[in-house]
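The values are calculated or read from the model by the stated rules, or taken from the named source; none is laboratory data. Just so it is clear, the model here is predicted, and its values are computed rather than measured. Neighbour counts run over all protein chains shown; Cβ positions are idealised from the backbone, glycine included. Remember, those area values only see protein heavy atoms, side chains included, never the ligands or the DNA or RNA. Shrake-Rupley method; radii C 1.70, N 1.55, O 1.52, S 1.80 Å.
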Number of protein chains: 2
Amino acid sequence: MANGGSSSDPAAAPIGVFDSGLGGLTVVRQLSRAMPGEAIVYLGDTARVPYGIRSLATVRQYALEDAAFLLRFAPKLIVVACNTASAAAVEALEAFCRPVDVVDVIRPSAAAALAASKGPIGVIGTEATVASGAYERAIHAIDPRRRVVAKACPLLVPIVEEGRDEADPIVLSVLSDYLRELQRLRPGAMILGCTHYPLLARAIGKLMGPDVALVESGESVAAEVQRRLRAAGLENLGKSGGTLRCFTTDNPQRFAQLSERFGGRKIDVVDLVGTDELRSAIEPADRGFP
Amino acid sequence: MANGGSSSDPAAAPIGVFDSGLGGLTVVRQLSRAMPGEAIVYLGDTARVPYGIRSLATVRQYALEDAAFLLRFAPKLIVVACNTASAAAVEALEAFCRPVDVVDVIRPSAAAALAASKGPIGVIGTEATVASGAYERAIHAIDPRRRVVAKACPLLVPIVEEGRDEADPIVLSVLSDYLRELQRLRPGAMILGCTHYPLLARAIGKLMGPDVALVESGESVAAEVQRRLRAAGLENLGKSGGTLRCFTTDNPQRFAQLSERFGGRKIDVVDLVGTDELRSAIEPADRGFP
């Protein structure tokens, strides 16, 4: 428990956040905006990104290893910032991390979309997220009659990572192609079901029109995290002084370079943690006893 | 040595081929076409694909693990069908596999491009392959004065994996965008420096014009493999009867589904080998003693 906050103040413990790569920094950005006093420990599993093309069993295994690593920091809550990991592993993660609370990106966005509109709901995401049907399940768990149409958009992540601008004609033609069906649906709300998509929000908003409420994971997750911490008396009420410590499983230089695009600020110090170390973190003897 | 061919006939031993994923099946297709009697063992490391965004040290480690696994089959030769692994690790692989011969995808394509034309040479590839400068080095090792221009095309792999047709307007606009600079170069030959690109060869050929010789890794690698086996007296001269055994580190179903697109034939039986097993294959005690 050595790396956590002061043992006398449970609210000083960090929030752990993991993602398959850098996209989760868009969630970190919203967490820091909503709760500027919180300490955040972030793990980006860049050695095994993207999770979106792996089998569910493999994604579940990786997600548990990521969570086991974060548990070493004695966090007060863990955020699964990766849509694919949320879709594949949220129940397994909740069981594994207990008594530490787990917030995924899917259920808060589903609830936010339902709250934003009474109309049909559109969802865009990676191949694996859409194939999992996780957003439909989360929406129908609250409102079984709501119409949901989900569309996989596999080129958007590489487009964002290539650094193409929202005004790039290729970005616009790819988006037009993917969104055609959703435009016809005339949804009341549309969930950007991948952490990379907020970087294309302006272009998506233009194509969908002003009547469609766009739901970004980051904002709805931050609101849910704040609600849970408040309920548990664990919120750090500081108006500033928050910290961010980043770990990555490969290529810390690339992580640092790309961090500003996703997180809105340059992160200079990124620590490397090998996937061998992640794997060893999940040995039963290690669980919760760093 | 149990899994190799008949111990009495070294020419009956298999050819080992590895790639980060499925793209290497385009190389297998050319090997089988040129040498229809050969037994081929293929490993696609789909649990850790794509190699093209990893650090060189990580790619080198993965490549050695892949080769160690193939060495269990007592192959007569190993083909590195992955451009990124060829760029990052060919010397390490040669040292590791000795006395088994190693053929990479870069040097044969460089030689084929030089043989095809006296003009400038264009190269397209992934981010990591282009950043490595491996094609320039291979070309300049033969002809130091030849002009080479390489262009990274990160969207082409996801476009091919999404299954978009060559006539898709998005494919054409992405290609036009990437190839603009190379069109101005008016190259004599252009290397398709990624195993996925042969699936876009017609569209690329149309954009570059009939005077540009397109060099596909598969063909030049198959010719090089045949030359080396012949020189060593290890060629299997059978006109048919070749076999293909496939292993993948994740999601054998997805491998089987996509195999036809890359390899030109449906592969029904794909065996799963875990990355844990690959890692253990590289233990010194295991080397060459399966």
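Odds and ends about this structure:
- Counting Cβ atoms of other protein chains within 10 Å of each residue's Cβ and taking the mean over peptide A:252-258 gives 1.
- Less than 5 angstrom separates the built amide H of A:Lys151 from those of A:Val123, A:Ile124, A:Gly125, all sequence-distant by 5 or more or on a different chain.
- Measuring between their Cα centroids, segment A:146-221 and segment A:14-31 lie 20 Å from each other.
- For chain A, alpha-carbon Rg and Dmax in angstrom: 18.2, 56
- Here the spin labels are modelled as points 7 Å beyond Cα on the Cα-Cβ line, and at A:Asp143 and B:Gln253 they lie 3.2 nm apart.
- Using the Karplus relation 6.51 cos²θ - 1.76 cosθ + 1.60 with θ = phi - 60°, the per-residue 3J(HN,Hα) values for segment A:188-198 come to x, 9, 9, 8, 7, x, 7, 5, 7, 5, x Hz, with x marking Gly and Pro.
- The protection proxy used here, the mean number of other Cβ atoms lying within 10 Å of each residue, ranks peptides A:54-60, A:19-25, B:152-158 as follows, highest first: A:19-25, B:152-158, A:54-60.
- Accessible area per residue in Å² at 1.4 Å probe, computed on chain B: 41
- Alpha carbon centroid spacing (whole Å) that separates segment A:91-116 from segment B:236-279: 38
- Interface of B with A. Using a 1.4 Å probe and counting protein heavy atoms only, the two chains hide about 2200 Å² of accessible surface, both sides summed.
- Exam field: A:Lys118 pseudo-label spacings to other copies (7 Å along Cα-Cβ), nanometres: 7.9
- Comparing the full protein assembly with the isolated chain (1.4 Å probe, heavy atoms, ligands and nucleic acids excluded), the residues of segment B:231-251 losing at least 10 square angstrom of accessible area are B:Asp250, B:Asn251.
- In plain terms, the chain from A:Asp211 to A:Leu172 could stretch by 12.1 nm, reckoned as 0.36 nm per residue minus the Cα-Cα distance.
- When peptides A:188-197, A:267-276 are ranked by their average number of other Cβ atoms within 10 Å per residue, the highest-first order is A:188-197, A:267-276.
- Of all chain A residues, the one whose C-beta is nearest the axis that brings A onto B, in angstrom: A:Pro158, 2
- Across all directions, the average projected area of the convex hull around the alpha carbons of segment B:163-290 is 12.0 nm².
- Peptide A:171-177 has a mean shielding of 2, counted as Cβ atoms of other protein chains within 10 Å of each residue's Cβ.
- Estimated D of segment A:107-217 in µm² per second, where Rh is the Kirkwood radius over Cα pairs and Stokes-Einstein applies at 37 °C, 0.692 mPa s: 238
- Of the trypsin sites (Lys or Arg not before Pro) found in segment B:84-183, those that fall in a DSSP loop while having at most 15 other beta-carbon atoms within 10 Å are B:Lys118, B:Arg145, B:Arg147.
- Only lysine pairs 8 or more places apart, or on different chains, with alpha-carbon atoms under 24 angstrom apart are counted in the protein assembly as shown, and they number 10.
- Taking the inverse of the mean reciprocal distance over all distinct Cα pairs, the Kirkwood hydrodynamic radius of segment B:1-125 comes to 15.2 Å.
- Here the simple spin-label model places points 7 Å from the Cα toward Cβ, and for B:Ala92 and A:Glu91 these points are separated by 4.1 nm.
- For segment B:1-128, the relative contact order is 28 percent, taking Cα pairs closer than 8 Å that sit 6 or more residues apart in sequence and dividing their mean separation by the residue count.
- Solvent-accessible area, 1.4 Å probe, carbon plus sulfur percent, for the protein assembly as shown: 52
- Average beta carbon contacts from partner chains per residue of B:46-58, 10 Å cutoff: 5
- Average Cα contact separation per residue, segment A:107-217, under 8 Å, 6 or more apart, as relative contact order %: 37
- The protein assembly as shown has equivalent-ellipsoid semi-axes of 43, 28, 21 Å, by the square roots of 5 times the alpha carbon gyration tensor eigenvalues, sorted largest first.
- Taking a Cβ cut-off of under 9 Å around A:Val171, the surrounding Lys, Arg, Asp and Glu residues balance to a net charge of -2, with basic ones at +1 and acidic ones at -1.
- The share of alpha-carbon pairs in segment B:61-157 lying farther apart than 16 Å comes to 57%.
- Length-normalised contact order for chain B - Cα pairs under 8 Å, 6+ apart - percent: 28
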